[in-house]
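The values are calculated or read from the model by the stated rules, or taken from the named source; none is laboratory data. Predicted, not measured: the structure shown is a model, and the values here were computed from it. Glycine also receives a Cβ, built like all others from the backbone with ideal geometry; neighbour counts cover every protein chain displayed. In case anyone asks, the SASA skips ligands and DNA or RNA and just uses the protein heavy atoms, side chains included. Shrake-Rupley method; radii C 1.70, N 1.55, O 1.52, S 1.80 Å.
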Amino acid sequence: MRDVLAAMMPGWQKGDTAGLATVVGTFKSAPRLPGASMLVTAGGEAVGSVSGGCVEGAVYELATQVKADGIPVLMRYGISDDDAFAVGLTCGGIIDIFVEPVSRHSFPELDAVRQDIAGERRVGVATVIDHPDASWLGRHLVVRPEGFEGDLGSERANHAVGDDTQGLLAAGRSGILSYGPDGERLDAGMRVFFASYAPPPRMLVFGAIDFASALARLGTFLGYRVTVCDARAVFATPARFPDAAEVVNAWPHRYLAEQLDKGLVDERTVMCVLTHDPKFDIPLLDVALRAPPIAFIGAMGSRRTHADRIARLREAGLGEEALARLHSPVGLDLGARTPEETAVSIAAEFIAKQWSGSGEPLRELGERIHHDEQH
């Protein structure tokens with residue numbers, strides 16, 4: 001919706017109804033990712049794209065119909081083996097597209113969502129795209145870190161979706177969630193598409209070593225935008241870290257200070273220091289632990305390295321409150337040996353911190369599995 005929002009708002013503000021088509025699911029080599037949208041305005045203008053041209057004509061006709069009759073439709077487009085002339089995707093992929101009428105009546109929260117997006121505040125929209133009761137289709141729940149507003153059809157559904165989408169919102173990810181007809185978990189009957197309008201959180205990995213490569217791969221899988229930074233040019237190369245969004249050759253503490261000054265590090269940022277070399281670690285951690293809250297600051301090393309690190313940081317003037325923010329030695333006790341296992345251990349710790357998890361086996365706990373509180 002983000003790419004057609006500017007074209008949508010004038011009509012919405014006047015009280016017009018538009019037809020909004022959104023890619024909600026893709027399979028194989030589909031041309032557009034979930035969240036891509038095409039708008040048909042009240043005047044019949046088409047804005048945006050859902051397939052790069054393959055099925056735009058058919059989607060335009062369907063959106064025109066939906067804005068006229070007000071009935072949302074979930075449609076699948078793909079190659080038809082039985083009919084060579086059927087409307088489909090020449091790339092051989094399959095896409096699910098949800099088409100809904102959008103107006104002040106159907107989506108009263110839209111302007112508030114627009115303001116959040118313009119202000120670069122995290123916000124997401126959950127939309128019912130499939131339900132046995134047609135009156136639920138197209139209903140919205142607007143999700144923010146502090147809570148949600150709107151109505152999907154019942155309080156149970158609102159709370160289930162509002163809770164479950166917090167993880168997607170924190171990661172800046174979109175996708176489909178499935179529930180029972182009243183929002184029951186581990187059931188089927190209702191499907192909800194969640195569109196996240198937030199940049200992905202960052203993971204800063206300092207130290208271009210083999211553990212960094214494994215952590216970059218896992219961080220990308222978890223939805224982070226991963227940066228690997230090292231002062232040693234021979235190690236800090238994109239070829240060694242193909243899963244990282246960027247590889248930076250710079251002194252770690254200078255790079256972090258620069259990113260902080262530019263406002264590119266926030267309370268969602270995860271930071272992992274893997275060099276266990278005082279000439280890199282101490283200046284870097286001194287900057288990090290004096291900075292505004294970062295979601296997670298972890299440092300690799302033995303217990304002897306940790307003790308030396310803490311002593312040096314105290315000498316640098318850091319107090320106990322600041323030092324308490326440091327997770328060192330980083331990771332949960334999984335008995336990890338390989339770089340990949342160590343990466344899982346590190347990720348397990350920052351996920352547990354983010355969602356207030358105990359790190360204990362679920363079979364030994366009597367409390368609910370999903371944690372609501374995010375730190």
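Matching residues to (1) open to solvent by less than 50 Å² (accessible area, probe 1.4 Å); (2) more than 15 Å from ARG202 (Cβ to Cβ); (3) assigned to a strand (DSSP E or B):
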{"residue": "GLN259", "(1), (2), (3)": "yes, no, no"}
{"residue": "ARG268", "(1), (2), (3)": "yes, no, no"}
{"residue": "MET271", "(1), (2), (3)": "yes, no, yes"}
{"residue": "THR275", "(1), (2), (3)": "yes, yes, no"}
{"residue": "ILE282", "(1), (2), (3)": "yes, yes, no"}
{"residue": "LEU289", "(1), (2), (3)": "yes, yes, no"}
_Please determine whether any residue of the stretch 296-310 is under 16 Å from MET203 (Cα atoms), open to solvent by 20 Å² or more (accessible area, probe 1.4 Å), in contact with a Cys (Cβ under 6 Å, 6 or more places away or on another chain) and part of a strand (DSSP E or B)._
no
*Please go through the stretch 142-162 and pick out each residue that is open to solvent by less than 50 Å² (accessible area, probe 1.4 Å) and either in contact (Cβ under 8 Å) with a residue 40 or more places away in the chain or among the basic types (Lys, Arg) (or both).*
VAL143, ARG144, GLY150, LEU152
_Those residues of the stretch 192-241 which are assigned to a loop (DSSP other than H, G, I, E, B) and under 21 Å from ALA171 (Cβ atoms), in sequence order_ = ALA198, PRO199, PRO200, PRO201, LEU222, GLY223, TYR224, PHE241
*Return a yes/no flag: does the stretch 224-231 have any residue that is under 30 Å from MET300 (Cα atoms), in contact with a helix residue (DSSP H, G or I) (Cβ under 9 Å, 6 or more places away or on another chain) and without any contact (Cβ under 8 Å) to a residue 12 or more places away in the chain.*
no
*Is there any pair with a first residue in the stretch 309-320 that is closer than 19 Å to GLY298 by Cβ and a second that is among the charged types (D, E, K, R) whose Cβ atoms are under 8 Å apart and which are 6 or more apart or on different chains, and what are they?*
ARG309/ASP281; LEU313/ASP286; ALA316/ASP286; LEU318/ASP286; LEU318/ARG290
*asked:* Which of the numbered conditions does THR41 fail, given that it passes all the others? Conditions: (1) under 17 Å from ALA7 (Cβ atoms); (2) modelled with pLDDT under 85; (3) polar (S, T, N, Q).
replied: (2)
*Filtering the stretch 311-351 down to residues that are within 19 Å of PRO278 (Cα to Cα) and part of a helix (DSSP H, G or I), which residue is most open to solvent (accessible area, probe 1.4 Å)?*
GLU315
*Hey, GLU246 hits all of (1) modelled with pLDDT of 95 or more; (2) touching a strand residue (DSSP E or B) at 6+ places or on another chain (Cβ under 7 Å); (3) surrounded by 14 or more Cβ atoms within 10 Å (Cβ to Cβ); (4) closer than 28 Å to GLY175 by Cα but one; which does it fall short on?*
(3)
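Closer than 20 Å to THR22 by Cβ, surrounded by fewer than 18 Cβ atoms within 10 Å (Cβ to Cβ) and of a type outside the set (Phe, Trp, Tyr): does that describe SER196?
Numbers: closer than 20 Å to THR22 by Cβ: yes; surrounded by fewer than 18 Cβ atoms within 10 Å (Cβ to Cβ): no; of a type outside the set (Phe, Trp, Tyr): yes.
No; evaluated as a whole, the condition is false for this residue.
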